[in-house]
1. Would you calculate, for chain C, the mean residue ellipticity at 222 nm contributed by helices, counting each DSSP H stretch of 4 or more residues as -39,500 (n - 2.57) and dividing by all residues, to the nearest 500?
2. How would you rank A:125-135, A:176-186, A:64-74, highest first, on the average number of other Cβ atoms within 10 Å across their residues?
3. How well do other chains shield peptide C:306-316, expressed as the mean number of their Cβ atoms within 10 Å of each residue Cβ?
4. Tally Lys/Arg at +1 and Asp/Glu at -1 over every other residue whose Cβ is under 14 Å from the Cβ of B:Pro25; what's the total?
5. Shape call for chain C from the C-alpha gyration tensor, a ≥ b ≥ c root eigenvalues: rounded (a/c under 1.5), prolate (a/b greater than b/c) or oblate?
6. Across peptide C:447-458, what mean number of C-beta atoms from other chains lies inside 10 Å of a residue's C-beta?
7. To the nearest 20 Debye, how big is the dipole of the protein assembly as shown about its Cα centre, given +1 on the beta carbon of each Lys and Arg and -1 on that of each Asp and Glu?
8. For the peptides A:248-261, A:292-305, what is the packing order when you average, over each peptide's residues, the other Cβ atoms within 10 Å and list the highest mean first?
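Each reported figure results from applying straightforward, stated rules to the coordinates on display, with no laboratory input. Since the structure is predicted, the reported quantities are computational estimates derived from the model, not experimental observations. Note: ideal-geometry Cβ built from the backbone for every residue, glycine included; neighbour counts use all protein chains shown.
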Amino acid sequence: MICFTRRSLLRAVLGAAVGVAGFASAAPADEFPAGPINMLVGYGAGGQTDLVARAAAKVISDQLGVPVNVVNKPGAGGAVAARDLMQAKPDGYTMLFHSNTVVNSASFIMERVDFKPDDFEYAGMITAYQVGMATQKDSPFDNITEFVAWAKENPGFSYGALSPEARLYMEEIAKKNDLDANIVPLQSGSEMINALLGKQVVLAFSGGIHYRYPDELKTISALTTFRHPSAPDVPTIEEEGYPLGMDSRTTIFLPKGTPQPILDRLGEALKAAESDANFKKVTDAADIPIMYLGVDEAYQEMEKTYAKNKEIIEGAGLAAN
Amino acid sequence: MRRANVTSGIVLAIFGLVMLFAVIPVHIAPGPEGVMSPRLVPAMMMIVVTGLAVLLVITNLRAERRSGPEAGSPVSRSALIALLKIGAVFALAIVLYLWLSPLAAGAALIIGALVALGERRPFVIVLMPVALLTALWLLFYKLLGTAIV
Amino acid sequence: MSALEYLFVGFQDVVDPGILPWLTVGVTLGYVVGALPGLGKGTGVAVSIPLTFYLEPVAALGMLIGIAKGSGAGSAVSAILLNTPGEPSSAPTALDGYPLARQGKAQKALKMGLYASVIGDFLSTLILIGLAAPLASYALMIGPVELCAILLFSLTFVGGLSGRSLTKGLIAAALGVFFATVGLEVETFVPRFTFGLLELEDGISLVPMAIGMLALAEMIVQAGDLRTLDAETANIKDGTAREDRVVLASEWRRCIPAILRGTAIGSAVGILPGLGASVGSFLSYGATQRLSRTPEKFGTGMIEGVAAAESADNAVVPSSLVPLFALGIPGSVIAAILIAAFILHGLTPGPLMFKEQPRLVADVYAAMICASLIMLIVGCTGQRVFAQVIKVPLRLIIPGVLLLCSVGAYMETGSIFSIYVMLFFGVLGFFARKLDFSFVTFLIGFVIGPKLELSFRQSIQILGHDMTNLVKHPIAVAFIFLTIAVVWWIGRGNRPAAAARHLEPDVAAAPHNTGTTRNQKGG
């Protein structure tokens, strides 16, 4: 919302006239926050990330003593919300709670998205996505190596993919081992669960919701650089010799130029979520591990994953930009 | 209605052909080998629309020749005026939303529509936006804990 | 304890003063939100998510289910009274409900709508309670290949809903499919017609599109006819005669088969993942019209049409919980949102929940049955209030509806782009109504088209690019034959009628009945 009120304009003119540069700028950080904060979420209401965002908003609101309004702005995997955030005032009163994939992988995959880590400021990261490969509990393989051996005997198997990254994984594994895969396009996480339980596909890419079905489904590979807290015995894809681990975490984004003290204040408030009982109840219910990173660590994580994902996705010949 | 059918048939056929030959090839990439082309379904639908639109034109022309011309258009003057009035009210509301605030936009929408539809009692023109916008404010900011930005 | 004993305990739990009021709040909220044009289930759920965080599990789940159930019944109200369906799934309700209301039979139509809703909902709830486990294992046999064949079969009913001109109905359906292709294609991730707009990457969302097409367009049309309509309204003698107020025994006899058929269709559609309430009510209305002795009278105020559409619409909600409860798979958007809420409140949907938390499950079941009864009470009270709307002059109603439409569209994405989408389809819907192109078939195309394309793409991969693999999918083969049979039957049985529609495209558009039949079907 571009909204120049007459008063702020007047103040800016006055400020310039008097020659006090800071006079017209936003309130100093020690007063932050003086009013309600809007927290954008790039997914629709009721989804997994939305629930985590609302729980985090509650914690931040308690910490800062002001209301935190959650505003759902779904569209293009969060790119619409991120673009809107870029145009917001860098005063800490508008932030985005979203997966960092909107910067570190959408930029390479979506034609019209080209965010760089330096386009935003980060107040921290709070939870990680347990992205993995899931299959039925009774499948005759427990990791990628065993799967490849099985797939050589069973050409034309079906693999469920719900994103370009999901296709990338199977295409890379198939290329390296000369497998014949039928990649079935899926639209959503629930459709993926459906396809697995109905045995329409033998293997599927999952953003982590398959952990809700511990009696029917198992994980054969963690597609991250760390082993999943929900399945510590399952090796990561990197451990099995494919350097394709791509990490994603829920991150608090702020517009470029937000003052450091405001970032620190928000980062501190977010840190409280790490030990908050209600927040843990929400994340535990959905098998989402809490992995807090502070302001500086979050920026480093962003830079690191951006460079790594760029290499992986461009290496696979998939990049759009 | 026959005249209108012929006109809408011609418009639809042109729309279909433009889509088929100009928009689809330029705006949809052909897609990778080995899977169904992303152009297939839109193109199929435009072929169906163009074909049926031509059929619509032919049957209506034939019917008209048989029974002679008719008077009147299905889109009456008052309907078009209503469309323009409501369009103008929305245009005003959107401009106010972009330049001023959602609140002003909401008030403009209600007051504009009331006036455009012939309501003149000042009591109603003031009370209705106040009541509706207060209810919305309560819903969004107090009950839902969200904001209109 | 036996299952029945559990259910008995469940009822005792639900009647608790800490739970029953919340259930009532949920149903009432859903009913009101559903009855207001422009707002629908999505809005109701958005309202409820933050609220239920602070409730007891049974109260929270009861309230959410109450909202879902209530909004299904409420959406019939605006469809009948204002010809602006609260949800796409109530679009067929308006086809006959609004003409009934203009004939002064609003009370009758509203009552039938409510009774059909409650019966459909109640029977479907019983199906959920009694048969969740065995039915769900059948639902799993329905994969993309079967779904593709079922969708193809559903499409054969489109022609029946196309109103006076079959050609124009089919054009509208094809345009519906066409507009639904906007956005990223799911298999190749190629953007289609996004014209560089990020907002279009996910496609045109159903909610703002439907609000524009169904509610906004109708309001513009009514604004154009303000004087005629208000004059008519003054003459409508609402509720003077008993036979206009209540559902007569003879009408019950005609409607009961339609309601039972609607319930069966709605329940089946709900159990199958990925079809949705709109498909249920369209199919049910189409089937009732096809099986009627007087199919040509549909769209002029046939009460069976209201009964068929509403019973199916409401039967979808409980039965879409069958795969959720038995397998943990969400079968509908509402179920997908409920799953998160269920887990949050300590009930993980799936086969284990019956073993681990039988009492909580029994409470939820009891709450669902109670919600059906509450729906009847809330509906009976509510429609008395809402029926007064028909006497209010339109110039006072239209501004309010325009605001609600804008709010409903805005809430879907939290962005003004949705308002632009709504306005675009509002104008399209305006001309569709004036030129007699059926917006109902447009909606069906829009809803079914993309599902058909995706399931076809999935089928190609699952069948390994080899159509002979179809023999491994007998259900799909059965539906393909059924589709062929229905097409053949329609082609043979309806040929004279269809031909007449082709050759005399506007037999019914004579000036004398533009007053009351103007808004029916595509008009």
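1. Numbers: 25 runs with 369 residues, N = 523.
So the calculated ellipticity at 222 nm is -23000 deg cm²/dmol.
2. Values: A:125-135: 25.0, A:176-186: 18.2, A:64-74: 19.7.
Ranked by mean Cβ neighbours within 10 Å, highest first: A:125-135, A:64-74, A:176-186.
3. For peptide C:306-316, the averaged partner shielding equals 0.
4. +2
5. rounded
6. Values: counts 0, 0, 2, 2, 1, 1, 6, 4, 0, 3, 7, 11.
Counting other chains' Cβ atoms within 10 Å and averaging over C:447-458 gives 3.
7. Computed about the Cα centre, the dipole is about 4520 debye.
8. So the peptides A:248-261, A:292-305, ranked by packing, come out A:248-261, A:292-305.
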